[in-house]
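A short reminder: the numbers here are calculations on the coordinates, not readings from a lab. Since the model is a prediction, treat every value here as computed from it, not as a measurement. Counting neighbours? That spans all protein chains shown, and the Cβs are built from the backbone with ideal geometry, glycine included.
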Amino acid sequence: MTAANPWPLVTTSDAATAVAGARLSGARLSAALYDTLKARLLEGKYDAGEKIVVETVRQEFGVSKQPVMDALRRLSSDKLVEIIPQVGCQVASYGTQEVEDFFTLFGGFEGTIAGVAALRRTENQLLELDLISARVDGLLTSDDPAVRAHGYRIYNREFHAAIHKMAHSRIMAETSQRMWDLSDFLINTTGVVNPLSSALEERQHDHHRITDALRARDADAARSAMEQHIVGTISVIRDESVSVEL
């Protein structure tokens, strides 16, 4: 049986359903709107720098202005949008150096978690990781870039969440969740259609190296493999961006 994800991935369709449900049940709309807008941002439904018009969102979901503003403020604290006084709200935009700095920092953090996980993981948790990895393997047979990109985003989050559970550290998992959100956002606002789909084999090879180190309870190898995997995202983004320009 697969254990519950400590930070389940919310897709755009899931989030939109949540908004409708919240309206019917009287639950707090701002939280549901936050989930919906965040899912759109992480899936690249908005371009970097694109304006998010409060009135448009309000009309789309049939709500008042207040819950929309509350949701946007939370997204601003997540560094996914920017609220500019007297101007409005726009999707956050990051320069190349900022993106590279983030993945360098992120790689070190995730590497630390992987090292801890190698020493604390259970056999059942390793089995769960293998099952998730098999789903990624299944994507390798697809010739559809959209299927590969979307599937990888979902299963990749599940793969890394499983490793976080191995570390048995709530503070590590909760801190990492926010960084994973920003990672997905940065990858999906590069302007590349179906990002990472061209590098799926390489990314999965990294996953196998990480899994082998976890299986061997080799903390140093797990830390190194994970850090290289995350930092390697920089070169994948760069290569795919160059392909778009050609």
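Can you give the angle from 0 to 90° between the axis of helix 29-42 and the longest principal axis of the chain, with both taken from C-alpha atoms, to the nearest 10?
Taking the Cα atoms of the chain, the angle to 29-42 is about 60 degrees.
Please check: in the Gaussian network model of the chain (C-alpha springs, under 10 Å), which one of E123, E174, E82 has the largest mean-square fluctuation.
Judging by the Gaussian network model, the answer is E123.
Taking 0.36 nm per residue of separation and subtracting the Cα-Cα distance, what length does fully extending H205 through A31 add?
Extra length from H205 to A31 when fully extended: 58.9 nm.
Can you give the extra length, in nm with one decimal, that the chain gains between D101 and R135 once fully stretched, where that is 0.36 nm per residue apart less the Cα-Cα distance?
The D101-R135 span can extend by a further 9.2 nm.
Tell me the label-point distance for the pair S77, R217, using the 7 Å Cα-to-Cβ offset, in nm and rounded to one decimal.
The two pseudo-label positions are separated by 4.1 nm.
With axes computed from alpha carbons, what is the tilt in degrees of helix 233-245 against the longest principal axis of the chain, rounded to the nearest 10 within 0 to 90?
It works out to around 60 degrees.
Just for the Cα atoms in the stretch 34-104, what are the lengths along the principal axes, largest first, rounded to whole Å?
41, 26, 18
Considering the chain as a Gaussian network with a 10 Å cut-off on Cα pairs, which listed residue, K165, K65, K38, attains the greatest mean-square fluctuation?
Of K165, K65, K38, the Gaussian network model singles out K65 as fluctuating most.
Stokes-Einstein D for the stretch 40-155 at 4 °C, 1.567 mPa s, Kirkwood Rh over Cα pairs, in µm²/s?
On the way: Rh = 17.8 Å.
Roughly 73 µm²/s, to the nearest whole number.
How many angstrom lie between the C-alpha centres of the stretch 113-127 and the stretch 139-176?
Result: 16 Å between the Cα centres.
To the nearest 500 deg cm²/dmol, what mean residue ellipticity at 222 nm is calculated for the chain from DSSP H runs of n ≥ 4 alone, each contributing -39,500 (n - 2.57), summed and divided by the residues?
-23500 deg cm²/dmol
If you take the beta carbon distance between H150 and S198 as r and set R0 to 22 Å, what does 1/(1 + (r/R0)^6) give as a FRET efficiency, to the nearest 0.05?
0.95
Give the Rg (one decimal place) followed by the Dmax (whole number) of the chain, computed from C-alpha coordinates and expressed in Å.
18.6, 56
Regarding the stretch 100-183, what whole-number volume in Å³ per residue does the convex hull of its Cα atoms give?
In the stretch 100-183, the Cα hull volume divided by residue count equals 92 Å³.
To the nearest 20 Debye, how big is the dipole of the chain about its Cα centre, given +1 on the beta carbon of each Lys and Arg and -1 on that of each Asp and Glu?
980
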